[in-house]
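Student: Starting off with a structure, shown below.
The values are calculated or read from the model by the stated rules, or taken from the named source; none is laboratory data. Just so it is clear, the model here is predicted, and its values are computed rather than measured. In this analysis, Cβ positions are derived from the backbone assuming ideal geometry, glycine residues included, and neighbour counts consider all displayed protein chains.
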Amino acid sequence: MAVYTCRLGTPAGEILTRKIEAATENDVRTRFEREGFRVFSLVREGGARRLLERDARHLKMEAFLHFNQQLAALIRAGLPILQAISMLARRQSNEALRSVLRNVEGRIREGTPLSEAFEAQGTIFPRLYTATLLAGERSGNLDDVLLRYSAYAKQMVGLKRKVRSAISYPIFLVSALTLLMGVMTGFVIPRFALIYRDFGTELPTLTQIVLSIGTGVQANLVWLGPALAGLIVAGLIGRKTSYGRMLIDRALLKLPLIGQIIRDLTTAQFARSLATLLQGGITLVDSYRIASETITNLALVQASKPVLQKIREGEAFGDSLEQAGWLPPLAVDMIRVGERSGSLKEMLDELASFYDAELEARLNQLTNMIQPVMLIIMASLVVFVLLAMYLPLFSFISALGVKG
């Protein structure tokens, strides 16, 4: 027996979600249909769900975007949705996507709408995508909606690539500095300590400090290594808890320049997601609810929660966002102008493009600032250690010259 999560429609038009234990999916459908419900989607918990999640991890964005472009072209050419999905599933080279499309095809054959068939795949597809499909189904412009989402996804992929490329070199420098410190304190300095132990003279204070650090690290490697590994594991585990993640996200927002980069990235992504949904004909309330799911920083998520209730109560969208407190003042002003002029969708697109450029400038600023600082620190460390290690040798050679 397996547990199924079912999304149902009642004769009165209500949407319900229920869980039921049954042997097969057909048993679940038969039972609910006899009771007068319309079955929108069924998701099996356990083995099948884990299989879908495994497929999600292997689903490449490039393959997904290519599929959307092909689907839009086939629909625009007049092919029925079921035939288009079936054709693309057969020709799909990405195994993970082909498996998911087969599942979607089966649901469509049973009468499930396209948006609900994709939504039934769980977390494989973002909520923004399934909402976009729903908007396309309602408006009858599914091909335009798919192309618009593809353009949005390409811009988001490009934005994330810029962020990764900008931080990769600073991360490399920090890793190199950490490795250098480990080699110096764990291997180089203890070798010099063995040499100076037989000198019989008092070593310079600088040399004594460095030797104490090096020999101390080497003597305590037995517990320092596990302790460091334990701290890393504890940090990774804490990052997965909501409380630990909240602490980390709040700390990141307070960091100079990094906090502003996070706000700019979130602003650009949120504005572009909201514009995509509004252009698909989805209401502002639903668009905001879905677009806010693209916010990944928990501190900003918490600050954004009251906005939904405020716009439901009829408060101006720009005023509600201003009270959230994390959007830049310029972004709030631009949204206000778009809201009052009736061009909110266009203004959100302009806003996203503006903060894309701002983000790129700040990333370049961060990279240009970190690189020389890290190089200076690395050079200073090497000079400091070498000076401390060779200073007694210089003194010893000088003493020999005086005696000679």
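Student: Given the residues Ala316, Ala361, which is the only one that is exposed (fewer than 14 other Cβ atoms within 10 Å of the Cβ), assigned by TED's automatic domain parsing to the domain that holds Ala271 and aliphatic (A, V, I, L, M)? Can you show your working first?
Tutor: Values: Ala316 fails: exposed (fewer than 14 other Cβ atoms within 10 Å of the Cβ).
Checking each option against the conditions leaves just Ala361.
Student: Kindly provide the set of residues from the range 90-128 that are under 25 Å from the mean Cα position of the chain (by Cα), assigned to a loop (DSSP other than H, G, I, E, B) and hydroxyl-bearing (Ser, Thr, Tyr), ordered by number.
Tutor: none
Student: While we're here: Is there any pair with a first residue in the range 176-190 that is in the same structural domain as Gly216 (by TED's automatic domain parsing) and within 16 Å of Ala388 (Cα to Cα) and a second that is assigned to a helix (DSSP H, G or I) and modelled with pLDDT of 80 or more whose Cβ atoms are under 6 Å apart and which are 6 or more apart or on different chains, and what are they?
Tutor: The qualifying pairs do not exist here.
Student: Please go through the range 324-345 and pick out each residue that is in a helix (DSSP H, G or I), surrounded by fewer than 16 Cβ atoms within 10 Å (Cβ to Cβ) and in contact with a helix residue (DSSP H, G or I) (Cβ under 7 Å, 6 or more places away or on another chain). Give the steps one after another, and end with the answer.
Tutor: Quick first cut of the range 324-345, residues in a helix (DSSP H, G or I) only: 324, 329-341, 344-345.
Next cut, surrounded by fewer than 16 Cβ atoms within 10 Å (Cβ to Cβ) only: 329-330, 333, 337, 340-341.
Val337, the sole residue that qualifies.
Student: Okay, moving on. Evaluate the following for Leu277: is it within 27 Å of Ala151 (Cβ to Cβ), in contact (Cβ under 8 Å) with a residue 60 or more places away in the chain and not in a loop (DSSP other than H, G, I, E, B)? Explain how you work it out, then say what you get.
Tutor: Values: within 27 Å of Ala151 (Cβ to Cβ): yes; in contact (Cβ under 8 Å) with a residue 60 or more places away in the chain: yes; not in a loop (DSSP other than H, G, I, E, B): yes.
Here the answer is yes, as Leu277 does meet what is asked.
Student: So if I check each of Leu82, Leu16, which one is at pLDDT 85 or above and either closer than 30 Å to Leu147 by Cβ or more than 28 Å from the chain's Cα centre (by Cα) (or both)? Before the answer, list the steps.
Tutor: Values: Leu16 fails: at pLDDT 85 or above.
Unique residue meeting the criteria: Leu82.
Student: Among the residues of the range 177-213, what is the count of those that are under 30 Å from Leu265 (Cβ atoms) and either among the basic types (Lys, Arg) or surrounded by 13 or more Cβ atoms within 10 Å (Cβ to Cβ) (or both)? Lay out the reasoning, then the answer.
Tutor: Taking the range 177-213 and keeping what is under 30 Å from Leu265 (Cβ atoms), we get 177-179.
Then keep just the ones that are either among the basic types (Lys, Arg) or surrounded by 13 or more Cβ atoms within 10 Å (Cβ to Cβ) (or both); that gives 177.
Matching residues across the range 177-213 total 1.
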